[in-house]
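Worksheet: one structure, shown below.
The values are calculated or read from the model by the stated rules, or taken from the named source; none is laboratory data. All of these numbers come straight from a predicted model, not from anything done at the bench. Every residue, glycine among them, receives a Cβ derived from its backbone with ideal geometry; neighbour counts consider all protein chains shown. Remember, those area values only see protein heavy atoms, side chains included, never the ligands or the DNA or RNA. Shrake-Rupley method; radii C 1.70, N 1.55, O 1.52, S 1.80 Å.
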Amino acid sequence: MIYFASDIHLGSGDRQTQRATEQRFVKWLKSIEPTAEVLFLVGDIFDFWFEYNRVVPKGFVRTLAQLAHMTDSGIRVVMITGNHDMWVGDYLTTECGIELYTKPQIFTLVGKKILVSHGDNTNIKGQPLLKLINAIFRSKTLRVFFSWIIHPDLFLSFGQWWSGSSRKAHKMQTDLRYLNPLIEYAKGYEDKSVEHFIFGHIHIPHQCEKITFLGNWADGCSWAELDSNGSIELKTT
Ligand SMILES: [Mn+2]
């Protein structure tokens, strides 16, 4: 079985909420372990992640240990970064064995061509300002530059504050109209051989025709399963 989950936002909320979310996520990871061949983490797994050359954010040890345990036992874990955790370095790969991508990727899974993308940053064509901001945010050079001049505690407190306010601005969307830009993006996608699209980002679990939106982990669990027949099922608890 191939599993997909996104938008866990580990580290968001007060300490109690943070711990409860992580417990729920790790419990789920353990529950899929016996059947998982591949696990896709489709972005915003961490509410804020900024990695220095030799320093990573505190916390998340249960999650990281469980993911390392899974890759050690031969499960392929793939992470596509989201808008909250795009500043990853090599730590998750070297320490936890995670295969990391910072851009949407097309995978052929059980003979099916599937585009997996967090879902941010898809409609920037013809929007120079957004394109520029995006380039700055995703620049590896700038990340390394900032990591040399800004103390980790300062950067992390700023980042956690920024993540909190950005998430609040987008929180608790239930209106399905928020899905439309990504539905349009999928419809207009140039490579017509793509058979299915999997997105996170919108925080609304939903499935329509060729698209699966993974939802979020604010209260319960939300994920998708791709079985050996190529059918994709969305599950929430
Ligand atoms: Mn998110």
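Scanning region 129-139 for residues that are open to solvent by less than 60 Å² (accessible area, probe 1.4 Å) and within 15 Å of VAL88 (Cβ to Cβ) turns up just one, SER139. Out of the residues in region 100-119 that are of a type in the set (Val, Ile, Thr) and more than 21 Å from ILE183 (Cβ to Cβ), which is modelled with the lowest pLDDT? Looking at the filtered set, the residue picked out is THR102.
Restricting attention to region 1-33 and to residues that are of a type in the set (Asp, Glu) and in contact (Cβ under 8 Å) with a residue 40 or more places away in the chain, the residue that is most open to solvent (accessible area, probe 1.4 Å) turns out to be GLU33. Considering region 34-115, the qualifying strands (runs of 3 or more DSSP E), each wholly inside and each with 2 or more residues that are open to solvent by 30 Å² or more (accessible area, probe 1.4 Å), run over 99-101, 105-109. The residues on offer are LEU226, LEU214, and the sole one that is touching a residue at least 60 places away in the same chain (Cβ under 8 Å) and within 16 Å of the ligand (Cβ to nearest atom) is LEU214.
Within the set GLU95, GLU33, GLU51, GLU22, the sole residue that is more than 17 Å from the chain's Cα centre (by Cα) and over 21 Å from SER228 (Cα atoms) turns out to be GLU95. The single condition from (1) open to solvent by 70 Å² or more (accessible area, probe 1.4 Å); (2) modelled with pLDDT under 90; (3) in a helix (DSSP H, G or I) that LEU142 fails is (1). The strands (runs of 3 or more DSSP E) found entirely in region 155-237 that carry 2 or more residues being open to solvent by less than 60 Å² (accessible area, probe 1.4 Å) and aliphatic (A, V, I, L, M) are 211-214, 222-226, 232-236.
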